[in-house]
Structures are given as C-alpha cells and as structure tokens.
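A.B. asks: Dumping the structure here so I can ask a few things about it.
What follows is calculated from the coordinates using simple rules that are stated; it is not laboratory data. Just so it is clear, the structure is predicted and the values come from calculations on it, not from any experiment. Cβ coordinates were reconstructed from backbone atoms using ideal geometry, including for glycine residues, and neighbour counts include every protein chain displayed.
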Amino acid sequence: MASETGGSGPVRLELETLQESTVLRLKGGWRLSDGIASPDDLFESGKLRSQSQTLKVDASAMTAWDSALVCFLVDLKKRCTESGIALDLSALPEGARRLVDMALAVPERQGAKRTGSQAGFLESVGKQTLDALQGAGEMLEFLGQSLIALSKAATGKARFRAADVLQIFQECGPQALPIVTLISFLVGVILGFVGLVQLEQFGADIYVANLVAVAMVRELGGMMTGIIMAGRTGAAFAAQLGTMNVNEEIAAFRTIGIDPVDFLVLPRMLALIVAVPLLTIYANVVGMLGGSVVTAALSDVSLLQYYGQTASSVDLVDWASGLFKATIYGIIIAIAGCLRGIQCKMSAAAVGNAATSAVVTSIVMIIVAEALITVVYQVLGI
Amino acid sequence: MAQAPGAVGDASSDAPLVVEDVTMAYGDFVVQRALNFTIQRGDVFIIMGGSGCGKSTVMRAMVGMQAPAKGRVWLDGKSLWEIEEVARQPLLQRCGVVFQKGGLWSAMTLAENIELTLGEFTDLSAKEMREVAKLKLALVGLTGFENFYPSEISGGMQRRAGVARALALDPELLFFDEPSAGLDPISSRRLDDLILELRDSLGATIVVVTHELASIFAIGNNSVVLDPVSKTQIATGDPKVLRDESDDEAVREFLNRGEVS
C-alpha cells in the first residue's frame, strides 16, 4: 500500500520542506475504515533528507480521525527517534497527542517480547520426542498410582465413596445402552451382509453365523464398545476432572490428605471395569442378532438354524477372551480420561484439550492393546 | 511435643511457622528466593506483593502442596519437607486452607464438603458429623445452607463455605489465598471481620495472601512484602508501620497505592 496515497483513497500525506523544518500535512479522513497509512515511504524515498531536522505535523486539513491516526503517529514517532529527527506534534488534536504519549509512556519490557519460536525441523522433532517420552513417563507413573489404588481398594484401605461408584456406573453403563445397541446391531448387520455375499458363492451360507459370532465375541464387540465408551465416558471424565482442577478442587483434596487418585480415579475405574464387560456381552448378543436378521432375510438359512450354528461356534473360552480384553479397555479409558483431566492446565481451552486428548489416547491404546493381546492369544493358542 | 531429628531449638521452637531461606521455583524458573520470616501465634500475617510475584506459590510450600526448591519450612518446630510423608500428614491436619475461589467440591453439598474432611480424620458417626457441619456453617453465617451445592450460592457465600470447610478440624493455622478477590466491598469487609473473629475466638494463627490494601491494614499485624523484580522479600513487619516508615521506596509505593510523597 503506497503511503503517499494512504490506500485507494485520495492523497492523505503531503511533505513540504521549509527552511529549518519539514511540514507533514495530514489531509482527509484518518479512520480505520480509510486504512492505516505507513510512514515507510517518507523515510525510504529520501524525502526526509538530513538528520537533526524537525518534522512538524500539521493536521489542519484532517477531517476525522481515530485509532488509525494514532497507529500512524506512534509508528512515525518511533521511526523519527531512530533516525534522530525531532517530531513536533503540537498542532495535532489534544486527544490524539495524549494517546500517542500514553502508547509510548511505558518502554517495552526487556524480554517481554516472545522471541519468535521459529524452531528448526530437527529442533522441533527433538522437542516433540522429548515431550512424548516425558508424557509416556507420566502415563506409566499414573498407571502405577492407579493400580496401587486398585490394590488398596481390594484390601479396603482406599478412601472413596461407594455412592460415587454407583452413580458413575449408572452414567456410563445403563445410559450408554442406546448407542451401544445401535452401533453393535449395525456392525452385526454389516458383518452378516459381507459374509453372506462371499460365502454364498460356495454354498456355505450357514457359516455366516460362525463369522459373525466369532468376530463379535472375540474382537469387535469389545473393541466397538471400548471406542464408544472412550468417546462418551473418557471425554466426560477428562472434562470433569479438568474442571475440578481449574476450580482448585483437586488441590483441596491434597491439602486434607485425601489422595485424588483414590477418591476420583478409583471410583471411575471400578465403574468402568464392571460396565465395559457388561456392555460388551450385550453388544455381542445384539451384533449376532443383527447378523441373523440379514442372513434370515437374504438367504435360505432360518433363524433357528442360525441360532444353532451360533451356539456351536463360540465357546466359553471365546467369551472369556473377549471379556478379558473388554476389562482392559475399561481400565484404559478410565486411566486416560482421569490422567488427562488431572494434567489439565488452568484454563477453559485446556479443559477442551484434555477431553480431546483423553479420547485420542484411549482409542490409540485400545487398538494397540487389542493387537498385542490378540498376538498373545495366538501364541498361547487360546 | 517430639522434636524432629536435627530440629533447631532457639526462636523457631515456639513460633508455629518459620520460613527459612526458602526458594520457590518451577523447574529452572525461580519465582521467589531467599525468603525468611517468622509467624507468631495469634498473628494475622499478610503475604503481599504485586500480581504474579509468587505469593500463592510461597503459600503452597507452607501448606504442603509444593516442595520448595531450597530451604526449610518449620511447622510447629518440625521441618515440613524433611520429615517422612507419614509424619507430614498429621502436621498438615493442623492447617486449614481457604482457596481463592473457595475450592469447594462441586459435586457435594456444603455439609458433605465438611463431612468428608471430618470423616477422613475422625471416627464420628454420620449424625455427629452433620451436627459439626451445621455448627461450622453457622459460624460463618450460612445456617440453613447445609444441602445447597456450591454452584447454587453466591461467590461471597462460597468463600465463607470454604472457610467453614477449612475450620472442620479446628485448625491452629488458617491460610487464605486471596480471600477478597472478586468480592464486593461489603462481602470483602465481612470476610475480614470473620477472619479477625476466628483469630480471637479460636486462637488461630492466620496467614493471608492478598494485595487488597483495605484488608491488609484492617486485619494484618505482621507481613512480608514480596517483590516481583528482585524476586525476593523486600520488607517484613506491621503493614501500617511499613506504609509510613519503610526505608524501601517500593514498599511505601505499594502500600500507598503508588502515591509516594
């Protein structure tokens, strides 16, 4: 933007060199809607010649002004000071002059300006690696604290209120039934449909029942429930604890010697350890139901045949292996949610970040745990 | 009273709280260093200083929430951060803390807030605890509010309820973190009166972190002034005396709202 014209509007700056001083005439409107002029051109084009000059600003032709004028003048004043030119603002409106003085009254604090964190690629990779390591360390430490709390609960030494466990269970168990129903039914339908299309080619329609039952019971029922609970309950835990942190409620627990891990994390963990496996059993059954509906509708297999085939395809070991995983997911969700909440910094944005981070952490850990446990099962032949 | 191993005898033995050469830091970032002051029984001791100078952080070291990077905090003649964790807890039980916004547990009613603290340290029955909770709430002027949740009462009342909770275990030392922040002048004044009343009736020693001049002069009889620039204390003593007679211009400026004659 050319400063001579001050944008697209009419000429707003005019320099006139007199004997001892230079006069800068400001014309027209100097409002934010007119754009902010920059004094750069005055200096660069050499119009302000020698040093030790006086620059007098004349505003008699100015029609209106607001912060745009003050911005320009502050900038101008700084540039003048740098080049050793005396700036005479006495002909300006009183208000503008005082605002300029106010803006320049307090010198910039040393070190107050954030040094531009233009970290190089390697530096930021290194920093993020260190952060990740530290985060992993904190996670392990918290996991340890939580497991200690769990063992204290087993021996009846932990301090928490049983009523809290019931209330949290109510919120994360029965109240999650609708969404678990919907998702697992549809997963069952999808599995049944895909399986049917493929197996029909070999006349093996009836084995859709095996496919759906084994997939749901061993893997998908627990995993889908875990992911639903991570989004639904893990985020809620992080937001609850994060807000408590912001309100100094967690600090208040510490001062009276109640361990926040005992009082806040333990009830949530206990509730999820019970709720997630129960929801998984339910999800498995609903998923099989979804598979059976598709199969009965699209093939010659009857519901009764489907039921019989399902009953013979999964045994107690399959159920137990799926429910063991579901229990682990419950612990993961509770720990990730509570950890992110307790780590939360003291602001509203931090509570949001805590909730986001809780969901991401839980889902990542659920998938990793799922993969690891499946490999272990494979090796052990379960 | 058993002396901690290697405890100092002399002056610190009868003062309930002594801060000796304490440095507070977050990692490498030093908040305040070389702090030395003694709080006597029955004092209303003010920790003051400009915004962000680390007043609350210093208080955190005195109530067992954050270990100092260096130095000792003597609580009843025992070095708070050098004794075993097991021994620290009963020591901290004698301290009540009122947080900046009350710090009440929002998921519990006012009575439950008090009962939880009681339940942790006493063997009272539920009925007895309710009686005590009612009494503590009555002491701070909140009779009849037992079953209210913190979000249902005003900011000034939350602050008072916070005091009631801090009083649950009849503390000998009562800490207030910015008690009047965000309160209107009348609520703020009432809280000051309450603080003095508690000191007189319970014989408690009071430590207040604040920068409200009106409160400082109304209740404080001893103080330490922390300076954000030099990051250490620049004066100790009666705030009224410091206001008029301190040699340090920064102290007089602070206590006279920046109007130094």
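A.B. asks: Mind checking which lysines have their C-alpha under 17 Å from A:LYS77, skipping anything on the same chain fewer than 8 residues away?
C.D. replies: Within reach: A:LYS47, A:LYS56.
A.B. asks: Is the shape of the protein assembly as shown best called rounded, prolate or oblate, per the rule: a/c under 1.5 gives rounded, else a/b larger than b/c gives prolate, else oblate, with a ≥ b ≥ c the square roots of the Cα gyration tensor eigenvalues? Numbers along the way, then the final one.
C.D. replies: Values: a/c = 2.64, a/b = 1.32, b/c = 2.00.
It is oblate, given that a/c is not under 1.5 and a/b is not larger than b/c.
A.B. asks: Taking neighbour counts of Cβ atoms within 10 Å as a proxy for exposure, in what order, fewest first, do B:LEU183, A:LEU140, B:LEU35 appear?
C.D. replies: A:LEU140, B:LEU183, B:LEU35
A.B. asks: How do A:ILE85, A:ILE373, B:ILE47 rank when sorted from fewest to most other Cβ atoms within 10 Å of their own Cβ? Intermediate values should be presented prior to the final figure.
C.D. replies: Values: A:ILE85 20, A:ILE373 17, B:ILE47 29.
Fewest-to-most Cβ neighbours within 10 Å comes out as A:ILE373, A:ILE85, B:ILE47.
A.B. asks: Give a residue-ordered list of calculated ³J(HN,Hα) values for region B:115-126 (Karplus: 6.51 cos²θ - 1.76 cosθ + 1.60, θ = phi - 60°; whole Hz; x for Gly, Pro).
C.D. replies: Per-residue couplings from phi come out as 5, 4, 4, 4, x, 5, 10, 10, 10, 5, 6, 4 Hz.
A.B. asks: Moving to a separate point now. All other residues with a Cβ under 11 Å from the Cβ of B:VAL30 taken together, and with Lys, Arg as +1 and Asp, Glu as -1, what is their net charge? Each step should come with its number before you reach the end.
C.D. replies: Values: positive: B:ARG33, B:LYS70, B:LYS231; negative: B:ASP28.
Surrounding charge for B:VAL30 is +2.
A.B. asks: About its Cα centre, how strong a charge dipole does the protein assembly as shown have in debye, to the nearest 20, once Lys and Arg get +1 and Asp and Glu get -1 at the Cβ?
C.D. replies: Numbers: 52 positive and 70 negative charges, 85 e Å.
Around 400 debye, computed over the protein assembly as shown.
A.B. asks: Springs between alpha-carbon pairs under 10 angstrom, Gaussian network model over chain B: which of B:VAL225, B:VAL58, B:VAL30 fluctuates most?
C.D. replies: B:VAL30
A.B. asks: So, one more: Express in whole angstrom the spacing between the alpha-carbon centres of region B:75-133 and region A:203-228.
C.D. replies: The two parts, judged by their Cα centres, are 51 Å apart.
A.B. asks: Relative contact order of chain A: what whole-number percent is it, with Cα pairs under 8 angstrom and at least 6 residues apart?
C.D. replies: 17 percent
A.B. asks: To continue, here is another question. Take chain A, connect every pair of alpha-carbon atoms lying under 10 Å apart with a spring to form a Gaussian network, then pick out the residue of A:SER67, A:SER321, A:SER124 with the largest mean-square fluctuation.
C.D. replies: A:SER67
A.B. asks: In a GNM of chain B with a 10 Å cut-off on Cα contacts, which of B:ALA161, B:ALA126, B:ALA34 has the highest mean-square fluctuation?
C.D. replies: The residue that fluctuates most here is B:ALA126.
A.B. asks: Another question, then. Which whole-number percent is the relative contact order of chain B (Cα, under 8 Å, 6+ apart)? Display every interim value, and only then the final one.
C.D. replies: Working: 488 pairs, mean separation 63.6, N = 261.
24 percent.
A.B. asks: Still on this structure, I have one more. For chain A, the longest stretch holding no GluC sites (Glu not before Pro) located in a DSSP loop with at most 16 other Cβ atoms within 10 Å is which?
C.D. replies: Values: sites that count: A:GLU4, A:GLU20, A:GLU108.
Segment A:109-382 is the longest.
A.B. asks: A further question on this structure: Can you give me the Cα centroid spacing of region A:339-382 and region B:188-224 in angstrom?
C.D. replies: When both Cα centres are located, 47 Å separates them.
A.B. asks: Relative to the longest principal axis of the C-alpha atoms of chain A, give the angle of the C-alpha long axis of helix A:235-246, reported between 0 and 90° and rounded to the nearest 10°.
C.D. replies: Between helix and principal axis, roughly 50 degrees.
A.B. asks: For chain A, rounded, prolate or oblate, judged on the Cα gyration tensor with a ≥ b ≥ c (square roots of eigenvalues), a/c < 1.5 rounded, else prolate if a/b > b/c? Kindly include the intermediate steps, with their values, before the conclusion.
C.D. replies: Values: a/c = 3.82, a/b = 2.45, b/c = 1.56.
Note, shape of chain A comes out prolate.
A.B. asks: Now a separate question. Please average, across the residues of A:250-262, the number of beta carbons from any other chain that are within 10 Å of each residue's own beta carbon, and give a whole number. All intermediate terms of the calculation are to be shown ahead of the outcome.
C.D. replies: Values: counts 2, 9, 13, 5, 7, 14, 15, 9, 4, 0, 0, 0, 0.
For this peptide, the per-residue mean of nearby foreign Cβ atoms is 6.
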